[in-house]
Amino acid sequence: MKNAIKTLWNGIKAVFTAVIEWFATLFGMKEDTKYARVLRGIVSTAFAVILVVWAAAALYGLGRSLHWRINNLFDKGDDDYYYVEHLSENLSYYKGYYGNDGYLRNGKNRKVLKDIEWVSKPLEGDSLVCYSNGKRRGYFHLRDGRVVVKPKYQHAWIFSEGLAAVDEDGWVKFIDTKGDVVIDRRFAYNEDDCGYVFHSGRCAVRESSGDKMGIIDRSGKWVLPPVYDEVNLRDTFLVLTQGNRQAVLTFGMDTVIPMTAASFIIDDTTILATFADHSQKVYSLQGQLITNAEIGNVEQMMYETREVMYPVNKDGHECTDEYYCYTNPIERMDVATCLRYEGEVDWYGLMSPDGRIITPPLFVNITAIAKDLYLCETDYGRGIMLNSKGQPVEP
């Protein structure tokens, strides 16, 4: 070890000596003049300062690394290096701020499990925590940190209702709290799926080809056959997708909204449906229609009348003071017959003055050209001309 350190130090000195020799030759520092002597002193001092700073930084890094390793060796955690997540009354997870591996401490402040990259708690009622050691995933007990399933899975999900999904060679299987596989029906794993977790005895999985999804019960039997492109969990509902159509179901498999050519957004109190023509409707969480046409904004449109107006002063005379007003004539604006309303965000349609919808919100923009003439853009910069009845006007 001593010989290795001595060799390293000699190498560093050789590099610095070579650099100083190069500077000395370049700037004439080898000459025996006052200028050369002063310059040699400045360069020597600068290199000495650089060497001291470099050595201090190296020693600081080495000391910090040794400090962390000694703390771990003697089982003395340092809160300055970790943030703490309390998993239960008797167990806490310490995650390193600086990329250090995390660990578990029990209620007696003793480490019970090391080399943890992350943890994910189970749903309420389950007691096994999913964790990763940076390479594989396994499970430990929420009460005392005891490893129940060693990290051996490439992917694994949280426990729910006594079961957890694991990925084994590209197939999703379900294990019980002992780690035994209890459902193995060759469900294909897909990285785009939200997660294979049971809710009210139901879980969305893919059939063996990986193309279609369905819903199984806790025995692994199909409750809904795998004929859907996507099955997504939205709060306490399931949203099924087939092509451009969707349906909303409860976990109990009751239909809230049947398969419809629309997409659905579910919030705390309502379901917003957006249709292919960018119109929107609002339903209750029981599927009852609340609003037949959900509208974002309504705007009055103006058009140029082609009537020339010249700027005038406050007495009504034509203005000649260029500083006070513009000398160029302007066109008078007037109000168009129809209003512009917004359906889906940034999609617009025509509305009558009394609030009747004339066209669906099929357009990215609408501009009034005349009192009863509108440029309705189907794409930015391109579109069709409609009158105030929503009828096409041929050029």
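The table below lists the values:
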item	result
Close pairs from the stretch 271-287: first within 19 Å of Asp254 (Cα to Cα), partner modelled with pLDDT of 95 or more and of a type in the set (Phe, Trp, Tyr), Cβ under 9 Å, at least 6 apart	Ile271/Phe264; Ile271/Tyr283; Leu272/Phe264; Leu272/Tyr283; Ala273/Phe264; Ala273/Tyr283; Tyr283/Phe264
Flag if Lys150 is in a strand (DSSP E or B), out of contact with any Lys or Arg (no Cβ under 7 Å at 6 or more places or on another chain), open to solvent by less than 60 Å² (accessible area, probe 1.4 Å) and of a type in the set (D, E, K, R)	no
Matching residues in the stretch 356-383 - criterion: being open to solvent by less than 40 Å² (accessible area, probe 1.4 Å) and either part of a loop (DSSP other than H, G, I, E, B) or touching a residue at least 24 places away in the same chain (Cβ under 8 Å) (or both)	Thr359, Pro361, Val364, Ile366, Ala368, Ala370, Tyr374, Cys376
Selection status of Val227, modelled with pLDDT of 95 or more and touching a Phe, Trp or Tyr at 6+ places or on another chain (Cβ under 7 Å)	no
Residue check for Thr337: in contact (Cβ under 8 Å) with a residue 12 or more places away in the chain, of a type in the set (S, T, N, Q) and part of a loop (DSSP other than H, G, I, E, B)	no
Scope the stretch 69-95; condition at pLDDT 70 or above, surrounded by fewer than 16 Cβ atoms within 10 Å (Cβ to Cβ) and in contact with a strand residue (DSSP E or B) (Cβ under 6 Å, 6 or more places away or on another chain); matching residues	Tyr83, Val84, Glu85, His86, Asn90
Some residue of the stretch 312-335 being at pLDDT 95 or above and open to solvent by less than 80 Å² (accessible area, probe 1.4 Å)	yes
Top-ranked residue of the stretch 185-199 - restricted to ones that are open to solvent by 10 Å² or more (accessible area, probe 1.4 Å) and in contact (Cβ under 8 Å) with a residue 24 or more places away in the chain, ranked as farthest from Gly220 (Cα to Cα)	Cys194
Residue check, Cys203 farther than 27 Å from Pro225 by Cβ, open to solvent by less than 10 Å² (accessible area, probe 1.4 Å) and assigned to a strand (DSSP E or B)	no
Selection within the stretch 243-269 - open to solvent by less than 70 Å² (accessible area, probe 1.4 Å), at negative phi and of a type outside the set (Gly, Ala, Ser)	Gln246, Val248, Leu249, Thr250, Phe251, Val256, Ile257, Met259, Thr260, Phe264, Ile266
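The values are calculated or read from the model by the stated rules, or taken from the named source; none is laboratory data. This one's a predicted model, so the numbers in the text were calculated from it and none came from an experiment. As a convention, Cβ positions derive from the backbone with ideal geometry for all residues, glycine included, and neighbour counts pool all protein chains shown. Note: areas computed on protein heavy atoms with side chains; ligands, DNA, RNA excluded. Shrake-Rupley method; radii C 1.70, N 1.55, O 1.52, S 1.80 Å.
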